[in-house]
Structure formats: structure tokens, C-alpha cells
Amino acid sequence: MLENINIVKPGLALAFLGLFFGISMGILFGVNEDVVKGYIDSGIEMHQELHDNKSSSKIWRYAQRSHFHALGISAFSLVVILLIGFSTLRGHYKKLSSLSIGLGIFYPLSWFSMFLLAPSLGRSEAHHHWLTTTFVYIGVGGLVCGLFLITANLFFGLLNDKNSQ
């Protein structure tokens, strides 16, 4: 059993980092939501020409989405990575698929980067910023690749470890 867990530890570590990030955001919101909203409002005030009357609430929503997605994707990833650990995938495919699934934590970072960038760049620019786009591609791409590998194994019997047949 320990061998099954050891092989997927890199993916588990990423999923736990995502959980810690999401929980930390929630703690920040609970302890001092005004700090987050103050950051948004001061950025909007300094760059009024980039914003409209919806900017403050939309940017606040980016921060919330970062929190929600971090917790949801990380919890989902933990379950799938444990499933990978006990699957019949070959060892190197277990490591690859669990790591790929773990990269899903980058998707919530795209929302976080929009939250951080939008007050000074504007919502559209933050949404299309190279950092935001990179986080989206890494996060979604990792999830899709990892899910493809475990699905191929579970439902089609592909990529099996020779010892488990």
C-alpha cells in the first residue's frame, strides 16, 4: 500500500498545496475581508480610466473564484490521485497521471492572477494577461491529460502494469 502512495506523492503534494492555498484564502476572507476589498478599491482609484462601476464587484468575484476553485479542484484531485495510486497503470504512468492531475491547481491561480492584476491593468487586460493564460493552460491541460490516462486504464484496460494482469 505504501508503494502505491509513494509513486503518486508528487501529485498529492500539489493537491495539498492547492488545498492549503484555498483554505488560506478563506481564512483571509474571514479574518479581514476589508484588506482584500481595500486592495481592489485602491487599485481602481489609482487607475479609474480602466474601470467601470462593476469593476470592484467583478474583481472581488475573481478572488472568490480563486478560493472556490482551489478547494474544489484540490479535493477532486486528491480522490483521483488516490484512485490512480491503486489502479493497474504502469508505475511511470501512475507518476505522470498523478502529477498531471496535481497541475490542476494552476487553474485557481489564473483567477488569483486576474484578482491581483485587474486593479492596475483593467479586467480585460488581466483576463488576457500571459500569466493568467499560462495558468489556465497548465491547469486545464494537466487535468485533461491525467484524466485521459486514468480513463484509458480504468475503462479500456490500456497502459496496464504487466504484474497486475
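The values are calculated or read from the model by the stated rules, or taken from the named source; none is laboratory data. Just so you know, these numbers come straight off a predicted model, no measurement behind them. Here the Cβ positions follow ideal geometry from the backbone for every residue, glycine too, while neighbour counts run over all protein chains shown.
Quick notes
Each row is one residue, and each column tells you yes or no for (1) surrounded by fewer than 18 Cβ atoms within 10 Å (Cβ to Cβ); (2) among the β-branched types (Val, Ile, Thr); (3) out of contact with any Pro (no Cβ under 8 Å at 6 or more places or on another chain); (4) at pLDDT 95 or above.
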residue: Arg123; (1), (2), (3), (4): no, no, yes, yes
residue: Ala126; (1), (2), (3), (4): no, no, yes, yes
residue: Phe135; (1), (2), (3), (4): no, no, yes, yes
residue: Gly139; (1), (2), (3), (4): no, no, no, yes
residue: Phe148; (1), (2), (3), (4): yes, no, yes, yes
residue: Gly157; (1), (2), (3), (4): yes, no, yes, no
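- Among residues of the range 47-61 that are farther than 11 Å from Arg123 by Cα, those with a beta-carbon under 9 Å from a residue that is in a helix (DSSP H, G or I) and small (Gly, Ala, Ser) at least six positions away or on a different chain give the pairs His47/Ser120.
- Here Ile101 passes the criteria (1) farther than 20 Å from Ile138 by Cβ; (2) modelled with pLDDT of 95 or more; (3) not small (Gly, Ala, Ser) except the one numbered (1).
- Residues of the range 125-148 satisfying the condition of being more than 30 Å from Leu89 (Cα to Cα) and either among the hydroxyl-bearing types (Ser, Thr, Tyr) or assigned to a loop (DSSP other than H, G, I, E, B) (or both): His128, His129, Thr132, Thr133
- Qualifying residue in the range 14-29 (condition: surrounded by fewer than 22 Cβ atoms within 10 Å (Cβ to Cβ) and within 19 Å of Phe148 (Cα to Cα)): no
- Subset of the range 101-121 [among the polar types (S, T, N, Q) and surrounded by 24 or more Cβ atoms within 10 Å (Cβ to Cβ)]: Ser110
- Of the residues screened, Phe76 is not one that is within 10 Å of the chain's Cα centre (by Cα) and closer than 22 Å to Thr132 by Cβ.
- Sole residue being at negative phi and exposed (fewer than 14 other Cβ atoms within 10 Å of the Cβ), chosen from His92, His51, His67: His92
- Count of the range 70-89 residues, restricted to those that are crowded, with 21+ Cβ neighbours inside 10 Å and free of Cβ contacts under 8 Å to residues at least 60 places away in the same chain, is 2.
- Only one entry in Leu103, Leu159 is touching a helix residue (DSSP H, G or I) at 6+ places or on another chain (Cβ under 9 Å), closer than 30 Å to Ala63 by Cβ, touching a residue at least 40 places away in the same chain (Cβ under 8 Å) and not aromatic (Phe, Trp, Tyr), namely Leu103.
Results for (1) assigned to a helix (DSSP H, G or I); (2) within 19 Å of Cys145 (Cα to Cα); (3) touching a Leu at 6+ places or on another chain (Cβ under 8 Å), shown as yes or no for each residue.
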position	(1), (2), (3)
His69	yes, yes, no
Phe76	yes, yes, no
Ile101	yes, yes, yes
Phe112	yes, no, no
